[in-house]
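Quick notes on the structure that follows.
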């Protein structure tokens, strides 16, 4: 089932179950994080339906969930009676505003879904607003580059320990705040208690060797010829493990993408996405030999839409290079 993430909120779902007026257990699990978001004991209606109002979390993000409805046997999960992929997706344009009758609205829901699928096939990641995990290791600098279009740090783990949680007060669990740089291309750490001015290291700092000293020894021998290399401290040490939960993507759909979707909807409705008329380079009546330009397999079928999407087509969201 796909539920369009549109106001009015909250969103609700409905499923048919085998028995009327019977007890069931609804479980909704996040597909990417294997986290159970919902586990509710429900009773089916007299027409054998389970209806459920989704929590506010489902109003915010575009995500795919695993949904299962179990028979409730003494409060325990028994046999699965319904299993489904629940997708909460924000459409690029509101299809319900394009039609007046119920039939027209249903038609535009299908057309918008097709147009959105065409654009998603061209633009990696589409134009959704999602939660994402970013796992990496320290790079021995004071900046941690992020590659996606990032809005917010939800949680941060350092060496498997939770060190930042935006849902708590205070958010910092320790001495560091985890923040995004102004251009949102990197994660940085700031002291919870204000310190003196600090120059952030953007490259791997070089060690400065210390010469032999009569007051400091590397070992417990006064004639040791060894030297000690001292390097400045960094906030993301080399080899340390980091795991971030991030808000990524597009909080609102860009206007030009809305225009592109409307053009594709019109093309789909009127049957104008005919590639054989747009990209035929050669045509022969002898045995009907037709040759297509290579662009026919790399575009949407609408040249204007292809030009709109050009600036969004990339293999990464934001170049996070140090």
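The values are calculated or read from the model by the stated rules, or taken from the named source; none is laboratory data. As the structure is a prediction and not an experimental result, all values here were calculated from the model. Cβ atoms come from the backbone with ideal geometry, glycine included; neighbour counts cover every protein chain shown.
So here's what we get for this one:
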| read-out | value |
| --- | --- |
| All strands (runs of 3 or more DSSP E) inside the stretch 12-109 with 3 or more residues being touching a strand residue (DSSP E or B) at 6+ places or on another chain (Cβ under 6 Å) and surrounded by 13 or more Cβ atoms within 10 Å (Cβ to Cβ) | 23-30, 36-43, 63-73, 76-89 |
| Among residues of the stretch 262-273, those that are over 16 Å from residue 303 (Cβ atoms) and in contact (Cβ under 8 Å) with a residue 12 or more places away in the chain, counted | 2 |
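Residues checked against (1) farther than 24 Å from residue 54 by Cα; (2) in contact with a helix residue (DSSP H, G or I) (Cβ under 7 Å, 6 or more places away or on another chain); (3) in contact (Cβ under 8 Å) with a residue 12 or more places away in the chain:
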| site | (1), (2), (3) |
| --- | --- |
| 75 | no, no, yes |
| 81 | no, no, yes |
| 86 | no, no, yes |
| 91 | no, yes, yes |
| 94 | no, no, yes |
| 99 | yes, yes, no |
| 103 | yes, no, no |
| 106 | no, no, no |
| 114 | yes, yes, yes |
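Yes/no per residue for (1) surrounded by 10 or more Cβ atoms within 10 Å (Cβ to Cβ); (2) modelled with pLDDT under 90:
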residue: 246; (1), (2): yes, no
residue: 255; (1), (2): no, no
residue: 258; (1), (2): yes, no
residue: 264; (1), (2): yes, no
residue: 281; (1), (2): yes, yes
residue: 296; (1), (2): yes, yes
